[in-house]
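Worksheet for the structure shown next.
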Amino acid sequence: MFDKVMAAIGIGNAQVDTRLASSVIRSGETLEGEIHIQGGNVAQEISGLVLNLISEVIKEVDDKKIRVPHTWARLALTDPMTVAAGESHVVNFSMEIPLLSPLSVGHQQPKTWVATRADIDKAIDPRDRDPLEIRPGVLHEKLFNAMKALGFHLKGAPLEASRRNPSTGCVQEFEFKPGQASRFGHLDEAELAFLPSQEGVLDLLIQRDTKARGLGSMLAEVSGSDEKFYRVSLSGNESQDQLETMLAQALS
């Protein structure tokens, strides 16, 4: 009885250890790994084993922007199971990393990690946390390279909580600045964001901000009318040259 009480308050509890095949992965690929479960001092019932993908998102609370953990993907791994005292279990898993995953690029890139939780009745749930770096997928890379060819450099990539993307509950904004030699020097910056698509694999939202030049331009900037938005559906089969042409038209 004493062992059961101690396990219920987290002493002698089962432990979980997630071991990723790789801590660096590209969006669109499959994350693989193993979860090692080590039994505690007494047998315990695990009602479920859950893998969460979590990132820090920017959220506005009481007119202040703060960073909070946000779960944007989840995978339930096992049916209820019993772990005997001192017993070891290994659970293999594979999980597709969505194209709309937060990417680890630019300044202000979001921290992302894999959080594993074992649900044990009347006990402190064993948890494990492993950092994860998500690199751009093929389509992202072609778009970023197209922006580079147009003379832009990636400044930041903040991740914000947003209802515009119901699949993850967050949207990442990729902020680009034109270089001195860019023919888009009339822009203050350009922003790209990826959203769910009904026609293709992704929708691309393009925002261009013009620089204030003179009183008329300054008033336009203050009113927000200097910002122009374009939304296009991408099939994923576009070449970098095609993307460069499309971006140039939208940003001109």
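The values are calculated or read from the model by the stated rules, or taken from the named source; none is laboratory data. Predicted, not measured: the structure shown is a model, and the values here were computed from it. Note that we place each Cβ from the backbone using ideal geometry, even for glycine, and neighbour counts take in every protein chain shown. Surface areas here come from the heavy atoms of the whole protein model, side chains and all, with no ligands, DNA or RNA. Shrake-Rupley method; radii C 1.70, N 1.55, O 1.52, S 1.80 Å.
Listed values, structure above:
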{"item": "Hits in segment 146-163 - residues which are within 17 Å of His107 (Cα to Cα), surrounded by fewer than 20 Cβ atoms within 10 Å (Cβ to Cβ) and over 20 Å from the mean Cα position of the chain (by Cα)", "result": "Lys148, His153"}
{"item": "Scope segment 176-224; condition at pLDDT 90 or above, open to solvent by less than 50 Å² (accessible area, probe 1.4 Å), within 24 Å of Arg164 (Cβ to Cβ) and in a loop (DSSP other than H, G, I, E, B); matching residues", "result": "Pro196, Ser197"}
{"item": "Filtered residues of segment 24-33 (kept if in contact with a strand residue (DSSP E or B) (Cβ under 6 Å, 6 or more places away or on another chain) and either at pLDDT below 95 or not in a strand (DSSP E or B) (or both))", "result": "Ser27"}
{"item": "Pairs where the first residue, in segment 86-106, is without any contact (Cβ under 8 Å) to a residue 12 or more places away in the chain and β-branched (Val, Ile, Thr) and the second is buried (at least 19 other Cβ atoms within 10 Å of the Cβ) and not in a loop (DSSP other than H, G, I, E, B), C-beta under 6 Å, 6+ apart", "result": "none"}
{"item": "Positions within segment 91-119 being open to solvent by less than 20 Å² (accessible area, probe 1.4 Å) and assigned to a loop (DSSP other than H, G, I, E, B), in sequence order", "result": "Ile97, Ser101, Pro102, Leu103, Ser104, Val105, Pro110"}
{"item": "Some residue of segment 135-143 being open to solvent by 20 Å² or more (accessible area, probe 1.4 Å), touching a Ser or Thr at 6+ places or on another chain (Cβ under 6 Å), assigned to a strand (DSSP E or B) and at pLDDT 95 or above", "result": "no"}
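A quick yes/no check of all residues on (1) modelled with pLDDT of 95 or more; (2) part of a strand (DSSP E or B); (3) surrounded by fewer than 20 Cβ atoms within 10 Å (Cβ to Cβ):
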site: Gly48; (1), (2), (3): no, yes, yes
site: Ile54; (1), (2), (3): yes, yes, no
site: Val57; (1), (2), (3): yes, yes, no
site: Ile66; (1), (2), (3): no, yes, yes
site: Asp79; (1), (2), (3): no, no, yes
site: Ala85; (1), (2), (3): no, no, yes
site: Lys122; (1), (2), (3): no, no, yes
